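All remarks here apply to the structure that follows.
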Amino acid sequence: MNASEPYRIFLIEDDSAITESLTGHLTSWGYTVRAAADLRHVLGEFVSFDPHLVLVDIMLPFFNGYHWCGEIRKISRVPVVFLSSASDNMNIVMAMNQGGDDFIPKPVDPMVLTAKIQAILRRAYDLSGRVSVLAHGGAELNLADGTLTANGRRLELTKNEFRILQTLMENHGHIISRDRLMNALWQNDCYVEENTLTVNVTRLRKKLETAGLAGFIVTKPGSGYIVP
């Protein structure tokens with residue numbers, strides 16, 4: 001994320017009064033908050049919003065919070081915080097076992113919630129605002145060690161493959177020109193053949209395909225590349 005952009009928080013809650021209260025409070029702290037509109041199709045909204053943190057109630061209509069945390073964990077390592085009035089030890093253990101990062105009992109103290117969110121975001125994202133792990137479309141790119149994880153597979157990337165994927169994932173949904181990618185990769189060289197970029201993209205695509213991510217990078221003829 002850009003350091004000037006606010007963190008995005010996705011709220012999965014069926015109580016409209018709590019949703020309104022938490023949204024107002026967190027927005028006042030500078031966060032961008034979106035509440036799930038359709039509790040039957042939460043995952044689609046999660047993918048569309050691409051949040052930095054998720055707040056989820058346990059008791060929900062249709063599917064409970066454990067279910068949605070499990071679904072989110074299949075495609076992302078984004079921090080998940082459970083909210084529940086059922087704050088007995090069993091529910092707390094269940095929440096952690098399902099991949100939750102924290103558990104906050106209801107009624108929620110807004111200041112405690114804010115403090116916990118700030119601490120979790122600090123752990124997940126470094127102080128410069130750079131994401132330590134870029135997650136999108138089932139791919140997780142570790143910016144610390146340059147590895148890619150998808151569908152349970154961990155792939156080693158070359159320096160150029162890593163830079164290509166990082167640039168495209170940081171700007172997912174936007175076409176990145178070949179010139180911009182070449183500048184990101186070889187800014188210290190006076191001249192690089194365009195075919196060199198094509199070779200690197202082709203090799204990266206093959207690695208993505210082995211991890212079940214065929215079509216992750218889309219070519220836009222005459223424009224460049226995009227991760228939709």
Spot the failing condition for LYS116; the list is (1) more than 30 Å from LEU22 (Cα to Cα); (2) at pLDDT 85 or above; (3) in a helix (DSSP H, G or I), and only one is missed. (1)
Of the listed residues (THR23, THR27), the one being polar (S, T, N, Q), in contact (Cβ under 8 Å) with a residue 12 or more places away in the chain and surrounded by fewer than 20 Cβ atoms within 10 Å (Cβ to Cβ) is THR23
Can you find a residue that is modelled with pLDDT of 85 or more, of a type outside the set (Val, Ile, Thr) and within 23 Å of LEU148 (Cα to Cα) anywhere in region 83-101? no
Look at LEU127 and say whether it is over 26 Å from ALA211 (Cβ atoms) and either modelled with pLDDT of 80 or more or not in a helix (DSSP H, G or I) (or both). yes
For region 36-55, check the following and say yes or no: at least one residue is modelled with pLDDT under 90, surrounded by 14 or more Cβ atoms within 10 Å (Cβ to Cβ), of a type in the set (A, V, I, L, M) and more than 27 Å from GLU140 (Cα to Cα). no
Given the conditions (1) basic (Lys, Arg); (2) assigned by TED's automatic domain parsing to the domain that holds GLY44; (3) modelled with pLDDT of 85 or more; (4) more than 21 Å from ARG73 (Cα to Cα), every one holds for ARG163 apart from (2)
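The values are calculated or read from the model by the stated rules, or taken from the named source; none is laboratory data. Model, not experiment: these values are computed from the prediction. Here the Cβ is made from the backbone with ideal geometry for all residues, glycine too, and neighbour counts use every protein chain on show.
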